[in-house]
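So the structure is just underneath, and the comments pick up after that.
Values quoted throughout were computed directly from the atomic coordinates according to the rules given, and no laboratory measurement underlies them. Source: prediction; values computed, not measured. Methodologically, a virtual Cβ is constructed for each residue, glycine included, from the backbone with ideal geometry; neighbour enumeration extends over all protein chains shown.
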Amino acid sequence: MRAEFDLQAIALELERRRRFPILLFEKVVGHDIPVIANVMASRRVYAFALGTGQGEMPAEYARRLKQYVKPVVVDDPPFRRTLITGDRVDIRQLLPLPTYFPGDGGPYLTAGLACARDPDTGVETAGYHRFQAKAANRMGVSLHSRRRMFEYQRRAEAQGRNLECAIVLGLHPLVGLAALSYPPPETSKFEAAGGLFQEPMQLARCETVDLLVPAWAEIVIEGEILAGVREPEGPFGEFTGYFSSRSTEHVFLARAVAMRERPWFQSVASGRAPDHILPLGVLREVEIRNALARAIPNVTAVHVPTSGCASFIAFVSIKQTRPGEARHAIPIVLGVDHYLKLVVIVDDDIDVFDESDVLWAMATRMQADRDLVLIERSLGAILDPSATERGLTAKLGIDATRPFGESFAQKLVMAPERETWARELVSRLLA
Ligand SMILES: Cc1cc2nc3c(=O)[nH]c(=O)nc-3n(C[C@H](O)[C@H](O)[C@H](O)COP(=O)(O)O)c2cc1C
């Protein structure tokens, strides 16, 4: 197996067959370190990681996301077995970095959880960011989601300082799910991970930077994001399904690489592969649930579909109990995450996980002169090719519910007992 294209081609072929196993590539040409991929590609994994059934997973994930547990610091983490510093740091030679698509700007590190501290308060962040290997110890990085890391770097730079940063590879899925979440600014992402684990996360000190990182990591790259330096980065096959050259063009300089005795290198399949986008969609679903719960008592389901890049579109079903609830829900959903730009609210008889059911509700319950809410020129995703270069986007909310408290056309429904009878008969005949 070659690191160039082959790993991504296998992930894409499995996706085409609707199969999402975790993949271990034991032999990658030119490297001794095996590559593990597709770790975050299925809802089944998240349910397993949270110790729930798949049906209960969203509610359990939403419940634990509201809890924060402080981490503890441990000595002698397994990744301290090997430490490479100075001139011996050559990331391209040490690690089996894949090139994902023909057209990518070069080899990329996609599963690196970048950890840093707020330069003013010391609060920790952790988030995935794409890193393009450019030279032995130099990587381009794009902080285009413009969340904590972007803000920490911006403030460090304003103080004339580089931002110390550690890139961590090979982590439990719950650490990744916590890293995507929105804890309050004074709360560390590791406290959010503790909430998901329901126990303190174990952190360990880095050698050459003043940072704490997950102790059970496979590989840690220590370094800094340079102040006042920008260099072209990309193109890269992004979650939107397009190559993107839009980038914040930051530069990371590595000081050291620490690793376990026989480490695994984690890769996240790129583009619209579920390994890349599913965690983003599921996280948004549970954050929307938690945000709506304060104002709308009867939310029945939330879906952020992968057809909307698991980022831009949300379908929410509610059981209406008061007039105007659907329209009230729209800005709340849009406020959860700045990538969201289309929200459709439906009644609870619509299955939000069945996109044709949602379209049917829009076709028959929505009137464009009455049921649309439009916000112009709002904060959006830079990588959305339909947004402006600076990431300005319009946002649309659609109320596709039946008017509350008014008579409406009667929906076609089969008698329940005949439906059960037909289901059993057809199952028997087809068995
Ligand atoms: C696999 C994966 C890759 C990602 N790549 C990037 C990226 O290259 N740049 C970026 O800004 N956000 C990226 N994101 C989204 C961020 O990881 C996410 O917004 C995170 O919460 C940001 O962390 P922060 O709050 O520390 O900035 C990615 C997410 C996933 C799941």
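Please report the antiparallel percentage of the DSSP beta bridges confined to the range 295-399, to the nearest 5.
That works out to approximately 50 percent antiparallel.
Counting only residues 5 or more places away or on other chains, whose amide H sits under 5 Å from the amide H of V251 once H atoms are built in the peptide plane?
The answer is V141, L226.
May I ask you to give the average projected area over all directions of the convex hull of the Cα atoms of the range 295-399, in nm² rounded to one decimal?
In nm², the orientation-averaged hull projection of the range 295-399 is 6.5.
Indicate, rounded to the nearest 5 percent, the antiparallel portion of the DSSP beta bridges found entirely in the chain.
Around 75 percent antiparallel, to the nearest 5.
Taking square-rooted eigenvalues a ≥ b ≥ c of the alpha carbon gyration tensor, is the range 6-153 rounded, prolate or oblate, where a/c under 1.5 means rounded and, failing that, a/b exceeding b/c means prolate?
Oblate is the answer for the range 6-153, as a/c is 1.5 or above yet b/c matches or exceeds a/b.
Summing Lys, Arg as +1 and Asp, Glu as -1, what charge do residues with Cβ under 14 Å from the Cβ of E238 carry, E238 excluded?
Neighbourhood net charge equals -1.
Compare the peptides 351-357, 193-199 by average per-residue count of other Cβ atoms within 10 angstrom and give them in order, highest first.
So the order, starting with the most tightly packed, is 193-199, 351-357.
Roughly how many nanometres apart are two label points built 7 Å out from the Cα toward the Cβ at R16 and T52?
3.5 nm
Give the long-range amide H neighbours of I219: residues separated by 5 or more places, or on another chain, with amide H under 5 Å away, using H modelled in the peptide plane at 1.01 Å from N.
L169
Of V282, V29, how do they rank once you tally other Cβ atoms within 10 Å and put the fewest first?
Taking fewest neighbouring Cβ atoms as first place, the list is V29, V282.
Mark the label point 7 Å from the Cα of D349 along Cα→Cβ and return the residues of the range 382-423 whose backbone N is within less than 14 Å of it.
It comes to 401-416, nothing else.
Please build a GNM for the chain, connecting alpha carbons under 10 Å apart, and tell me which residue among E285, E406, E15 fluctuates the most.
Evaluated over the chain, the most mobile residue of the options is E406.
How far is it, in nm, from the label point at T420 to the one at D369 when both lie 7 Å from their Cα along the line to the Cβ?
Placing both labels 7 Å beyond Cα along the Cβ direction yields 4.7 nm.
Name the residue, out of A409, A204, A133, whose mean-square fluctuation peaks in a Gaussian network model built on the chain with Cα pairs under 10 Å.
A409
So what J values fall out for the range 212-228 if you push phi through Karplus, 6.51 cos²θ - 1.76 cosθ + 1.60 with θ = phi - 60°, rounded to Hz, Gly and Pro as x?
In residue order, the calculated couplings are 9, 9, x, 5, 9, 4, 8, 9, 10, 10, 9, x, 8, 9, 6, 7, x Hz.
Which ³J(HN,Hα) values in Hz, rounded to whole numbers, follow from the phi angles of the range 158-170 under the Karplus curve 6.51 cos²θ - 1.76 cosθ + 1.60, where θ = phi - 60° and Gly and Pro get x?
Coupling constants for the range 158-170: 4, 8, x, 10, 6, 9, 4, 8, 10, 9, 10, 10, x Hz.
Based on the alpha-carbon gyration tensor of the range 6-270 and its eigenvalue square roots a ≥ b ≥ c, which shape applies: rounded if a/c is under 1.5, prolate if not and a/b is larger than b/c, or oblate?
Since a/c stays below 1.5, the shape of the range 6-270 is classed as rounded.
Mind sorting D369, D87 by how few other Cβ atoms lie within 10 Å of their own Cβ, fewest first?
Ascending number of Cβ neighbours within 10 Å: D369, D87.
I want to make sure I understand the PRE zone here: with the label point 7 angstrom from the Cα of R155 toward its beta carbon, which residues in the range 84-124 have backbone N atoms less than 17 Å away?
Label zone hits: 115-124.
Going by amide H atoms built from the backbone, whose H comes under 5 Å of the H on L211, apart from near neighbours?
When sequence neighbours closer than 5 places are left aside, the close amide H contacts are C206.
What FRET efficiency, computed as 1/(1 + (r/R0)^6) with R0 = 45 Å and r the Cβ-Cβ distance, is obtained for E26 and F408, rounded to the nearest 0.05?
For E26 and F408, the calculated efficiency is 0.15.
For the chain, how many pairs of lysine residues have a Cα-Cα distance under 26 Å, where the two are 8 or more positions apart or belong to different chains?
Number of lysine pairs found: 10.
With a ≥ b ≥ c taken as the square roots of the eigenvalues of the C-alpha gyration tensor of the range 195-283, please select rounded if a/c is under 1.5 and otherwise prolate if a/b is larger than b/c or oblate if it is not?
Verdict is oblate for the range 195-283.
Hey, fewest Cβ within 10 Å first, where do K319, K395, K134 land in order?
Neighbour counts put them in this order, fewest first: K319, K134, K395.
Per DSSP H run of at least 4 residues, take -39500 (n - 2.57); add these up for the chain, divide by its residues and hand me the 222 nm value, nearest 500 deg cm²/dmol.
Result for the chain, helices only: -8000 deg cm²/dmol.
What are the ³J(HN,Hα) values, in whole Hz, obtained from phi via the Karplus relation 6.51 cos²θ - 1.76 cosθ + 1.60 with θ = phi - 60°, for each residue of the range 46-58 in sequence order, with x given for Gly and Pro?
5, 5, 4, 5, 8, x, 10, x, 5, x, 8, 3, x
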